[in-house]
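Chemist: Below are the structure tokens for one structure; questions will follow.
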Amino acid sequence: METKTIVKQKTGMYENVMKQFNHAADVMGLNEGIRKILSATNNEIVVHFPVKLDNGKIEVFTGYRVQHNNALGPYKGGLRFHPTVDIDAARALAIWMTWKSALAGLPYGGGKGGIQIDPKNYSQAELERITRRFTYALGDNIGPDLDIPAPDVNTNSQIMAWIADTYVSTKSPANRHNNLHVVTGKPVGSGGLEGRDRATGFGVVATIKAWAQLKNKNLKGKKFIVQGFGNVGYWAAHFMAKEGAILIGVQDASGTMINNNGIDPEALNDYCQKNKGAIAGFPNVELIEAETFFGIDCDIIIPAALGNQITLKNANDIKAELIAEGANGPTDVAAEAILLEKGINIIPDILCNSGGVTGSYYEWLQNKRSENWKIEDVLILLEDKITVAFNKTLKTAEQYKTDWRTSAYIVALQRLEQTYIERGVFP
Ligand code: GLU
């Protein structure tokens with residue numbers, strides 16, 4: 001049963017990103033040669049590596065890193081630890097990173113990877129050995145000016161610290177430079193950036209605020225629901241609550257809950273910290289069927305979990321006026337057509353969740369300059385950058401008379417097209 005779900009998601013994400021890309025390329029009339037270049041991934045690294053478990057047995061793991069494109073700078077993007085990680089998922093997610101970095105105006109390309117595991121099945125010590133051995137297996141395929149991983153689904157600052165330490169420690173003594181910026185999203189004590197933890201959720205809410213301003217709406221009292229209560233879901237809920245919006249529904253792999261009087265994001269987060277990250281068992285909520293989640297009567301939906309969650313199965317049930325894509329690829333192409341037809345606004349993932357990689361960029365700069373930045377400054381820079389990308393997306397949508405996802409792609413693709421036209425193709 002589980003394998004079936006995995007296969008379905010795998011084909012779905014890659015197909016989706018390519019459909020989105022080809023549609024935008026058609027609308028803007030992207031140069032044919034450049035379309036061919038961007039349709040392919042530059043490098044695909046698959047590693048199999050052994051790790052000794054706590055019980056003394058050996059298990060062999062499979063890890064991936066797909067490097068889609070580096071025309072604008074080093075490959076950049078997260079590593080996820082999840083059963084759905086495979087080559088197609090890594091490809092799709094790497095491609096989304098290229099568009100995301102280009103749209104945000106960052107000097108980065110796109111990469112993504114991870115390990116096909118459910119981290120809940122391993123102890124902390126095992127996860128450390130798995131992470132370190134994966135980093136060792138990737139070797140010089142990653143590097144601070146080559147390919148810079150970051151947190152993603154089920155990976156966090158601790159995992160980034162282990163990667164940085166392993167990367168630096170496994171170089172020969174003469175080459176053991178202070179290359180901690182081989183990864184971003186590190187703990188603050190290890191070169192991490194103040195505010196990187198909340199950067200994605202903060203950015204999601206910055207785009208929702210920009211949307212509210214555009215539509216002359218007030219977020220105060222607006223009801224919203226969040227799918228996934230990990231780093232992105234929690235921080236998005238935290239910043240929405242600060243705007244006076246009310247969280248009324250939450251879903252994760254452990255359950256689906258609703259309370260029309262409001263769920264306190266802080267209390268839920270505290271609960272999750274003590275409950276292995278799961279929301280199940282949180283008090284004073286009503287449990288509902290998982291399939292009915294997106295149909296909850298609310299104003300704003302923030303999918304902040306996995307890809308392909310809003311599909312033909314539930315698109316027609318949606319009553320919200322806005323979907324803000326905190327996750328990568330949460331809405332499939334067929335569902336999007338229905339939502340647009342219904343007049344529902346979608347802030348596309350490559351714009352909506354770009355606060356994460358933008359925060360990573362500031363961390364990388366901070367490390368390169370041997371500085372320590374203040375959180376107040378970081379949040380101002382983040383909001384400015386994401387608002388610029390939001391406005392460019394709107395302007396391009398007007399110019400091409402198209403939806404926001406397509407226009408966000410066009411902004412990204414124009415930047416890539418320009419760089420290829422200026423530099424040509426070697427030799
Ligand atoms: N994993 C995040 C994303 O999907 C962050 C990537 C990064 O910071 O490099 O955008």
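Chemist: Please work out which residue is nearest to the ligand (Cβ to nearest atom), limiting yourself to segment 85-100 and to residues that are open to solvent by 20 Å² or more (accessible area, probe 1.4 Å) and either touching a His at 6+ places or on another chain (Cβ under 8 Å) or not acidic (D, E) (or both). Break it down stepwise before answering.
Modeler: Step one: of segment 85-100, the residues open to solvent by 20 Å² or more (accessible area, probe 1.4 Å) are 87-88, 91.
When the remaining residues are screened for being either touching a His at 6+ places or on another chain (Cβ under 8 Å) or not acidic (D, E) (or both), the result is 87, 91.
On the way: I87: 17, R91: 14 Å.
The residue in question is R91.
So that you can scan it fast, the table gives a plain yes or no per residue for (1) among the polar types (S, T, N, Q); (2) more than 16 Å from the ligand (Cβ to nearest atom); (3) within 25 Å of W373 (Cβ to Cβ); (4) open to solvent by less than 20 Å² (accessible area, probe 1.4 Å):
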position: E194; (1), (2), (3), (4): no, no, yes, no
position: T200; (1), (2), (3), (4): yes, no, yes, yes
position: V204; (1), (2), (3), (4): no, no, yes, yes
position: L214; (1), (2), (3), (4): no, yes, no, no
position: G221; (1), (2), (3), (4): no, yes, no, no
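Chemist: Given the conditions (1) farther than 19 Å from G78 by Cβ; (2) within 23 Å of the chain's Cα centre (by Cα); (3) of a type in the set (D, E), and given that E363 satisfies all but one, which numbered condition is not satisfied?
Modeler: All conditions pass for E363, except number (1).
Chemist: How about segment 248-341: which strands (runs of 3 or more DSSP E) wholly inside it have at least 1 residues that are under 20 Å from V232 (Cβ atoms), of a type in the set (G, A, S) and out of contact with any helix residue (DSSP H, G or I) (no Cβ under 6 Å at 6 or more places or on another chain)?
Modeler: Numbers: elements: 255-258, 300-303, 322-324.
It comes to 255-258.
Chemist: Given the conditions (1) open to solvent by 60 Å² or more (accessible area, probe 1.4 Å); (2) within 16 Å of the ligand (Cβ to nearest atom); (3) outside any helix (DSSP H, G or I), report the number of the one that T184 does not fulfil.
Modeler: Going through the list (1) open to solvent by 60 Å² or more (accessible area, probe 1.4 Å); (2) within 16 Å of the ligand (Cβ to nearest atom); (3) outside any helix (DSSP H, G or I), T184 breaks only (1).
Chemist: Something else about it: For segment 345-427, list the helices (runs of 4 or more DSSP H) that sit wholly inside it and hold at least 3 residues that are within 16 Å of the ligand (Cβ to nearest atom) and small (G, A, S); which are they?
Modeler: On the way: elements: 349-352, 355-368, 375-400, 404-423.
Counting at least 3 such residues, we get 355-368.
Chemist: Count, please, the residues in segment 119-138 that happen to be modelled with pLDDT of 95 or more and open to solvent by 30 Å² or more (accessible area, probe 1.4 Å). Even if it seems obvious, please write down each step before you answer.
Modeler: Our first condition is that a residue be modelled with pLDDT of 95 or more; within segment 119-138, this holds for 119, 121-138.
After this cut, where a residue has to be open to solvent by 30 Å² or more (accessible area, probe 1.4 Å) as well, the list is 121-125, 128-129, 132-133, 136-137.
The number of residues fulfilling the criteria is 11.
Okay, residues lined up against (1) open to solvent by less than 40 Å² (accessible area, probe 1.4 Å); (2) of a type in the set (G, A, S); (3) closer than 25 Å to Y400 by Cβ:
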residue: F49; (1), (2), (3): yes, no, no
residue: D54; (1), (2), (3): no, no, no
residue: F61; (1), (2), (3): yes, no, no
residue: H68; (1), (2), (3): yes, no, yes
residue: Y75; (1), (2), (3): yes, no, no
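Chemist: In addition: Quick check on my filter: what residues within segment 389-427 are surrounded by fewer than 13 Cβ atoms within 10 Å (Cβ to Cβ) and within 25 Å of I208 (Cβ to Cβ)?
Modeler: N391, K395, E398, Q399, K401
Chemist: Oh, and also: Restricting to segment 229-244, give me the number of residues that are of a type outside the set (F, W, Y) and open to solvent by 10 Å² or more (accessible area, probe 1.4 Å).
Modeler: Going through segment 229-244, the residues of a type outside the set (F, W, Y) turn out to be 230-233, 236-238, 240-244.
Filter once more, keeping what is open to solvent by 10 Å² or more (accessible area, probe 1.4 Å): 230-232, 238, 241-244.
Going through segment 229-244 one residue at a time, the tally reaches 8.
Chemist: Being in contact with a Phe, Trp or Tyr (Cβ under 8 Å, 6 or more places away or on another chain) and open to solvent by less than 10 Å² (accessible area, probe 1.4 Å) is the filter here; which residues of segment 321-340 pass it? Steps first, answer last, please.
Modeler: We begin by selecting, within segment 321-340, every residue in contact with a Phe, Trp or Tyr (Cβ under 8 Å, 6 or more places away or on another chain); these are 322, 324, 328-329.
Once the filter is applied, which keeps residues that are in contact with a Phe, Trp or Tyr (Cβ under 8 Å, 6 or more places away or on another chain) and open to solvent by less than 10 Å² (accessible area, probe 1.4 Å), segment 321-340 yields L322, A324, G329.
Conditions (1) outside any helix (DSSP H, G or I); (2) β-branched (V, I, T); (3) within 16 Å of the ligand (Cβ to nearest atom); (4) under 19 Å from the mean Cα position of the chain (by Cα), marked per residue:
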position: Y108; (1), (2), (3), (4): yes, no, yes, yes
position: G114; (1), (2), (3), (4): yes, no, yes, yes
position: R132; (1), (2), (3), (4): no, no, no, no
position: Y136; (1), (2), (3), (4): no, no, no, no
position: P149; (1), (2), (3), (4): yes, no, yes, yes
position: N154; (1), (2), (3), (4): yes, no, yes, yes
position: M160; (1), (2), (3), (4): no, no, yes, yes
position: A164; (1), (2), (3), (4): no, no, yes, no
position: K171; (1), (2), (3), (4): yes, no, no, no
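The values are calculated or read from the model by the stated rules, or taken from the named source; none is laboratory data. Just so it is clear, the structure is predicted and the values come from calculations on it, not from any experiment. All Cβ positions, even for glycine, are placed from backbone atoms using ideal geometry, and neighbour counts span all protein chains on display. Just so you know, the surface numbers come from the protein's heavy atoms only, side chains and all, with ligands and any DNA or RNA stripped out. Shrake-Rupley method; radii C 1.70, N 1.55, O 1.52, S 1.80 Å.
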